[in-house]
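Take a look at the structure below.
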Amino acid sequence: MVAAAVLGYFLVVVLGVVLVVFPASRERLVTTLLGALNSGALPFLRAGSWLLTSLQLFVQAIRNSAGGGARFVFGNPLLASAAMTLLVAPSLLIYSLNTPVIFDFSEDSGRADRQIAILLEGEQLVPPSPLPPEVFTTREVELVRPDVVLASRNWNLLDQEFTQRLLVVFRLMKERHGYDMVLLEGYRSPERQARLFEQGGHVTQAGANMSYHQYGLAADSAFFRDGKVVISERDPWAMRGYQLYGEIAAQVGLTWGGSWKMQDYGHVELRRPGVLGRLAVR
């Protein structure tokens, strides 16, 4: 739609330039229009043929005499400036309607990128020690994730590459923002996924073998504060943490569930083509 409008605008401007530069063509157009008005009909085919002829004359004139165009520009600076403005206006308009990409080359941004690269390519990070089971059975946790006590938090069942990226996120959340992260659920069996799916779309919209949890490529995480697991996004402190969590996860190449239509703030996954739908073996 936009391209068609720009093309139409360009053709109108070219027609205007032809009429200004070539008086004979302008007189021919006036004669044609007067004839059409007198006859009561508008000869569209004749007008189209005239337009093509005028464009051909315009191009031929430029080819035959490059100096003629220069003489016209110097002899009619105002007309030339107006024509140039009309020609470039569509491009300027399209450019202004598109949000430019802003690249941040600040020192802090570069240092952060180098830190992430070093962590991803450096030594293998070690998963944190498991928390006691009772921290996952508090009232707050049961209100938000009533079945999380049955979830697997075994880091050894997760994909190695995904594990390292998630551990980088955990470390940066602590070093940069002071948030202690805790794994709520990592690997999820197809049977457990099917049971959650049966509970309805408010729990999960993915059936068995259609979630990256079945392949060790997804995890649900929360925060640990004052000896308690904090999950609810109604807590402003936790909500701020989820936003930071999503930003850092994206920086290490993970997909954050908080950006989905059905927001899952604690969820991240490492997507790989051709994985979903395959029989998950563990």
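Could you say whether any residue in segment 248-260 is over 27 Å from the mean Cα position of the chain (by Cα), closer than 23 Å to PHE136 by Cβ and at pLDDT 95 or above?
As a first pass, look at segment 248-260 and keep what is over 27 Å from the mean Cα position of the chain (by Cα): none.
Among the residues of segment 248-260, not one is over 27 Å from the mean Cα position of the chain (by Cα), closer than 23 Å to PHE136 by Cβ and at pLDDT 95 or above, which makes the answer no.
Which fully enclosed helices (runs of 4 or more DSSP H) of segment 67-182 have 3 or more residues being among the charged types (D, E, K, R) and at pLDDT below 95?
Because the criterion is at least 3 residues that are among the charged types (D, E, K, R) and at pLDDT below 95, the helices (runs of 4 or more DSSP H) in segment 67-182 that meet it are 107-121, 139-144.
Which one of these is part of a loop (DSSP other than H, G, I, E, B), in contact with a Leu (Cβ under 8 Å, 6 or more places away or on another chain) and not small (Gly, Ala, Ser): VAL275, VAL268?
Criteria check complete, one pass: VAL275.
To keep it simple, each residue is scored yes or no on (1) closer than 22 Å to LEU167 by Cβ; (2) crowded, with 19+ Cβ neighbours inside 10 Å; (3) in the same structural domain as VAL149 (by TED's automatic domain parsing).
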residue	(1), (2), (3)
GLN214	yes, yes, yes
ALA222	yes, yes, yes
SER232	no, no, yes
ARG240	yes, no, yes
ILE248	yes, yes, yes
THR255	yes, no, yes
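Just to be sure, is THR163 in the same structural domain as VAL135 (by TED's automatic domain parsing) and over 21 Å from MET262 (Cα atoms)?
yes
Kindly establish whether GLY178 is crowded, with 21+ Cβ neighbours inside 10 Å, assigned by TED's automatic domain parsing to the domain that holds PHE136 and within 24 Å of GLN251 (Cα to Cα).
Here the answer is no, as GLY178 does not meet what is asked.
The values are calculated or read from the model by the stated rules, or taken from the named source; none is laboratory data. No experiment lies behind these values; they were computed from the predicted model shown. Ideal geometry is used to build each Cβ from the backbone, glycine not excepted, and the neighbour counts take in all protein chains shown.
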